[in-house]
Amino acid sequence: MTKIRVFDPAMCCDTGVCGPSVDPELTRVATAIFMLEKQKVDIKRFNLASDPQAFVEETQIQQLLHQEGIESLPTIIVDGEIKLKGRYPTNEELAQWGDVSAEFLTKQPSKPKGIELL
């Protein structure tokens with residue numbers, strides 16, 4: 001089973017989806033990660049502000065932060081290899097790493113409920 005680890009920059013909460021102005025990119029990533037967790041994909045997310053020990057324990061992240069600084073976050077490690085740094089993965093990348101279909105992570109159009117007016 002693929003192991004995905006997401007190392008986030010310091011954020012207000014574990015997903016960054018809070019406060020008066022929510023970044024739509026963080027909402028997309030939080031939703032995709034939630035969907036992958038529901039499919040039993042081994043994916044974990046670490047926030048620099050709330051879980052700094054995870055950054056200390058992962059030597060690749062330590063080296064990356066030392067060499068490139070905080071701008072290298074977010075960084076994604078897949079099966080022990082840095083796959084992406086400085087941006088969040090697309091839904092297609094997450095689907096590929098999690099071995100699920102890309103359609104699974106894309107937003108489905110909602111069907112209207114009730115009476116549809118012409």
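Which FRET efficiency value, to the nearest 0.05, is calculated for residue 50 and residue 102 with the Förster distance at 25 angstrom and r the Cβ-Cβ distance? The partial results should precede the final answer.
Working: r = 30 Å, r/R0 = 1.20.
That gives a FRET efficiency of 0.25.
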Q) Once fully extended, how much extra length lies between residue 84 and residue 38, figured as 0.36 nm per residue of separation less the alpha-carbon to alpha-carbon distance? A) 14.3 nm
Q.
Tell me the Rg and the Dmax, in Å, that the Cα atoms of the range 49-92 produce.
A. 10.5, 30
(Q) Which of 45, 87, 28 ends up with the largest GNM mean-square fluctuation for the chain, with Cα atoms connected below 10 Å? (A) 87
Q.
Using only the alpha-carbon atoms, what does the range 4-106 span along each of its principal axes? Please give whole angstrom values in decreasing order.
A. 37, 35, 19
Q) For the Cα atoms of the chain, what angle does the longest principal axis make with the long axis of helix 24-38, in degrees from 0 to 90, nearest 10? A) 90 degrees
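Any read-out appearing in this document is the output of simple, stated calculations on the displayed coordinates, not a laboratory observation. These numbers were taken from a predicted model, which means no experiment stands behind them. Using ideal geometry, Cβ is built from the backbone for each residue, glycine included, and neighbour counts are taken over all protein chains shown.
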